[in-house]
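Worksheet: the structure to be examined is printed underneath.
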Amino acid sequence: MFNPNVIICNYYLINIITEMSVKNKNIFKNLKNDFPAGLVVYLVALPLCLGVALASTGRTDLLFSGVIAGIVGGIVVGSLSGSAIGVSGPAAGLVTIVLGAITALGSFEAFLVAVVLAGILQLIAGFVKAGVIGYYFPSSVVKGMLAAIGIILVLKQIPHALGFDEDFLGNESFFQNDGHNTISELFYAIRQSHIGAVLISIVSLGLLVLFDLKFMKKFKLFKFLPGALFVVLTGILMNYLFMEFYPSLALSGKHVVELPVAKSAKEFLGFFTFPDFSALSNPQVYLVAVTIAIVASLESILSLEATDKLDPERRNTPANRELKAQGIGNITSGLIGGLPITQVIVRSSANIASGGRSKLSTIFHGVILFTTVLFIPQYLNLIPIAALATLLIVVGYKLSKPSLYVGMVKLGGEQFVPFVLTIAAVVFTNLLVGIAVGLLIAIYFILKKNYKNSFRYFSESPNGMQKITIRLSEEVSFLNKASISLALEKVPEHSSLVIDG
């Protein structure tokens with residue numbers, strides 16, 4: 001019998017191919033930049049997909065759900081999105097929602113129905129042009145979000161680089177389930193560090209610094225193959241040598257990538273889970289779908305804004321098209337057993353930092369992810385987490401460089417204060433709460449400036465009689481009522497008043 005889910009997925013794939021052929025005729029012109037960038041994004045995305053899946057489901061048998069979401073985010077969303085360098089996949093920001101939803105609905109199959117419905121809602125939101133909300137986030141808040149993500153990446157990956165893997169890869173929350181927080185985790189990591197992981201991290205960092213030097217770019221090989229690939233291969237080689245000659249330094253278990261390995265084609269197909277549409281009779285499914293649609297859409301739009309600001313070519317991505325692409329991505333992911341998808345700033349920034357020029361790098365990362373988990377999963381499980389953590393630390397540093405803070409200080413308090421408070425709020429809470437705090441602070445400064453600039457006040461005394469002129473700004477609203485009322489109260493008695501509207 002034909003599986004309807006497979007038929008629907010084939011329909012989407014046909015549309016994707018059509019979309020690519022019509023709108024992306026010159027998609028391969030940046031191949032020499034996009035392939036190595038896609039490879040770096042793949043190396044970053046693989047452990048994040050597994051980490052988010054484990055945290056979201058709490059089950060090792062559902063690890064592949066994160067990989068499915070990564071593949072769909074790369075190939076499906078990457079093809080349909082208008083973003084040239086944005087990368088989508090399973091997001092840490094949805095972990096709590098997903099874990100609670102699976103528990104509330106009673107099964108992962110019922111949860112997949114909610115993911116499909118969330119995708120449909122996102123698709124509708126794109127058609128009704130709800131993406132306009134992205135234009136209302138001030139640049140100081142978006143820059144603060146980027147810097148905060150950079151700080152979080154560095155702080156969260158240091159324990160993994162030291163071989164202390166108690167927290168799942170991809171976690172962005174300050175407080176953790178084990179009672180630790182991001183700061184206290186650093187002290188535990190230092191005290192319980194693994195010498196083998198530390199050595200791999202030091203060598204990996206040295207290689208990344210070396211490959212970033214100008215003279216290395218003169219070699220044709222290193223122009224095409226990214227430094228991240230050599231870091232991973234070196235990490236595998238070092239760990240192999242540790243196992244052969246210094247077993248006490250060798251990394252295994254949770255210190256290396258733990259991808260499920262299928263022994264047969266039938267077992268591989270067993271990694272895919274299909275939704276149980278009988279759950280449509282459960283009202284909670286619709287509540288979960290609305291929640292996922294709202295949170296996933298907000299995260300995608302915020303990441304979209306941030307990615308556009310990082311784009312060296314300063315391209316603007318149509319937000320409504322992004323919502324449609326995310327919607328189709330979540331429909332597809334839900335139909336074949338994947339987690340919910342959003343555009344993710346960590347993977348997107350890794351793409352930009354690695355020289356990605358077009359959406360081909362995003363699609364490449366999805367294709368490589370699918371190919372490698374299908375054919376060589378046993379070799380992927382040799383990759384030390386410490387080497388991958390070092391890659392993310394470097395990405396985090398590039399997102400939060402000191403020069404960014406110097407530039408924001410020069411812009412003045414109205415830009416710097418919301419910027420810094422957004423960073424603090426995101427680091428000590430989570431992405432959405434931090435953005436909300438930053439937005440409120442930015443609105444305060446906007447209102448304060450609006451209060452001051454709503455009118456101009458002139459006073460003159462021709463012929464001995466005082467004349468007051470209040471010249472209103474072009475747009476005056478209720479926001480200006482307080483300042484104009486105070487100005488009117490100060491007008492001296494027996495003077496001439498002119499209100500120039």
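Every read-out reported here was derived from the displayed coordinates using simple, explicitly stated rules and does not represent laboratory data. Model, not experiment: these values are computed from the prediction. Positions of Cβ are generated from backbone atoms using ideal geometry, with glycine treated the same way; all protein chains shown enter the neighbour counts.
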Label-point separation in nm, residue 424 to residue 272, each point 7 Å along Cα→Cβ
5.0 nm
Extension reserve of the residue 466-residue 31 stretch, reckoned as 0.36 nm per residue once the Cα distance is removed
149.3 nm
Using the alpha-carbon atoms, what tilt in degrees (0 to 90, nearest 10) does helix 319-335 show relative to the longest principal axis of the chain?
30 degrees
Modelled FRET efficiency - R0 35 Å, residue 485 with residue 136, Cβ distances, 0.05 increments
0.80
Can you run phi through the Karplus equation (6.51, -1.76, 1.60; θ = phi - 60°) for segment 242-259 and list ³J(HN,Hα) in whole Hz, with x for Gly and Pro?
4, 5, 6, 10, 9, x, 5, 8, 5, 9, 7, x, 6, 7, 10, 4, 10, 8
Give me Rg/Rg_expected for the chain, where Rg uses Cα atoms only and Rg_expected = 2.2 N^0.38 Å with N residues.
1.11
Could you line up 218, 254, 29 from fewest to most neighbouring Cβ atoms inside 10 Å?
218, 29, 254
Amide H partners (placed H, <5 Å) of residue 88, local residues excluded
344
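So how do 87, 261 line up by other beta-carbon neighbours within 10 Å, fewest first?
Fewest-to-most Cβ neighbours within 10 Å comes out as 261, 87.
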Given R₀ = 41 Å, FRET efficiency for residue 224-residue 103 by Cβ-Cβ distance, to 0.05?
0.30
Separation of the residue 61 and residue 233 label points, Cα + 7 Å toward Cβ, nm
3.9 nm
Going by average Cβ density within 10 Å per residue, which order do the peptides 230-237, 107-114 take, highest to lowest?
107-114, 230-237
In what sequence do 165, 34 fall when counting other Cβ within 10 Å, fewest first?
165, 34
Contour minus end-to-end for residue 456 and residue 190, with contour as 0.36 nm per residue of separation and end-to-end as the Cα-Cα distance?
89.8 nm
Antiparallel DSSP bridges in the chain: what percent, to the nearest 5?
65 percent
Sorted by chain and number, the residues with a modelled amide H under 5 Å from that of residue 338, at a separation of 5 or more or across chains, are none
Apply the Karplus curve 6.51 cos²θ - 1.76 cosθ + 1.60, θ = phi - 60°, to the phi angles in segment 271-276 and return the couplings in whole Hz, x for Gly and Pro.
5, 8, 10, 10, x, 9
If R0 is 56 Å, what FRET efficiency do you get for residue 476 and residue 215 from their C-beta distance, rounded to 0.05?
0.40
Of the peptides 156-164, 123-131, 53-61, how do they stack up when ordered by the mean number of other Cβ atoms within 10 Å, highest first?
156-164, 53-61, 123-131
Using alpha carbon positions and the Kirkwood radius, the Rg to Rh ratio of segment 360-447 is 1.18
Can you tell me what the convex hull of the Cα atoms of segment 455-500 projects to on average, as an area in nm²?
3.2 nm²
Roughly what % of DSSP beta bridges within segment 455-500 run antiparallel, to the nearest 5?
55 percent
Please list, in order along segment 62-72, the HN-Hα scalar couplings obtained from phi with the Karplus expression 6.51 cos²θ - 1.76 cosθ + 1.60 (θ = phi - 60°), rounded to whole Hz, x for Gly and Pro.
10, 4, 5, 4, x, 5, 4, 4, x, 5, 5
